[in-house]
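Data block below; observations after.
The values are calculated or read from the model by the stated rules, or taken from the named source; none is laboratory data. The model shown is predicted, which means the values in this text are computed figures rather than measured ones. So basically every Cβ, Gly included, is an ideal-geometry build from the backbone, and we count neighbours across all protein chains shown. Surface accessibility is based on the protein's heavy atoms, side chains included, excluding ligands, DNA and RNA. Shrake-Rupley method; radii C 1.70, N 1.55, O 1.52, S 1.80 Å.
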Amino acid sequence: MLEEPITEDEVIEESEDDAPVKEVVDSLDTTEEEESDDDNVLSFSKKLPHLQAYRDKKLRKRLLLLVLIFVVPLFGSVYYISPLSNLSKVEVGKVSRVTPKSILASADLKVGERLWPQFFKRQEIAAKVTQANPRIKKTTISLENWNQLVIQIKEYEEVAYLVKGNHYLPILENGSIVQEPIKKIENHHIILEGFSKETMILDTLKAYAQLPVEIQDSISQIKLSPSKKNDELLTLFMNDGNQVFVNISDFSKQMKYYLQVAKEMKEKGIIDMEVGIYTYPYAEKEEEMTENSQTDESF
């Protein structure tokens, strides 16, 4: 069956029917473009406060930098010409044996002069103070109250006394002998005699420190009494009246038997621990010494 040809009137009618659809499509396209423009405007308006805040932050940083550049040198100049930049006072911490006057003299810090050059040399000054006095173990210098220096001292402890004529010289924990004669001594310190070398003093004191307290308390004095064959022989004078011969190297090992040996002795005398352990009364020792002297006279 043949299709009938489309007439001009039918074409016009169809075109008129599609017009509303086209208008709707065109209106939708226009609406989408307007909405897109609105979204861009809203997005920019949202970003605008953040951008402004960022710019303000950058501005504040630059301003702060400028202030620091100009203000810090200004304050530095004011500080430099003010009394705060000078050393106003030097104090010495608590000391027992060393006098603050001697510490200040050896430190030689200048009050009224520039603080920082002296402060930066504090370790050198502290070393000089320590070397100036044998009693000083350690020296530290610190800054307080802006422009004051404090010298703190740590002293060696006195652990014994060395007999020298009618006086005593203090012996420190490092074995040093302080050349400061004294007449009155503290009872809880041991008395040494005949020593001159710090090494022997230290070895003796170390061995003495290893003894039980009850044995330490039983010793009143330690004398270095070397012989031709033995330069480290000690003579211990005991509180109970006995005497002990012992080597420095065997001091702590041999003396731990003292209380037992002394208990077995029938009378006061000598305990010889130089080689082994032997005991004999004073009378026997005196007889031996008398015989030796008579023999020497006969020759």
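Residues in segment 136-149 carry Karplus couplings, in order, of 8, 8, 8, 10, 10, 10, 10, 9, 9, 6, 6, 9, 10, 10 Hz; the curve used is 6.51 cos²θ - 1.76 cosθ + 1.60 with θ = phi - 60°, and Gly or Pro positions show x.
Considering only protein heavy atoms, what per residue accessible area in square angstrom results for segment 211-276 with a 1.4 angstrom probe?
Accessible area per residue, segment 211-276: 54 Å².
Only lysines eight or more places from LYS110 in sequence, or on another chain, were considered; those with a Cα closer than 28 Å are LYS89, LYS94, LYS101, LYS121, LYS128, LYS137, LYS138, LYS154.
Compared with the alpha-carbon gap, the fully stretched path from ASP231 to LYS266 is longer by 9.5 nm at 0.36 nm per residue.
By the gyration tensor of its Cα atoms, with a ≥ b ≥ c the square roots of the eigenvalues, what is the shape of segment 160-245: rounded for a/c under 1.5, prolate for a/b over b/c, or oblate? Rounded, because the longest to shortest axis ratio a/c is under 1.5. Between TRP146 and PHE120, the modelled label-to-label distance comes to 2.2 nm, taking each label 7 Å out from Cα in the direction of the beta carbon.
Under the combined filter of DSSP loop state and at most 12 neighbouring Cβ atoms within 10 Å, segment 145-220 retains these trypsin sites (Lys or Arg not before Pro): LYS183, LYS184, LYS197.
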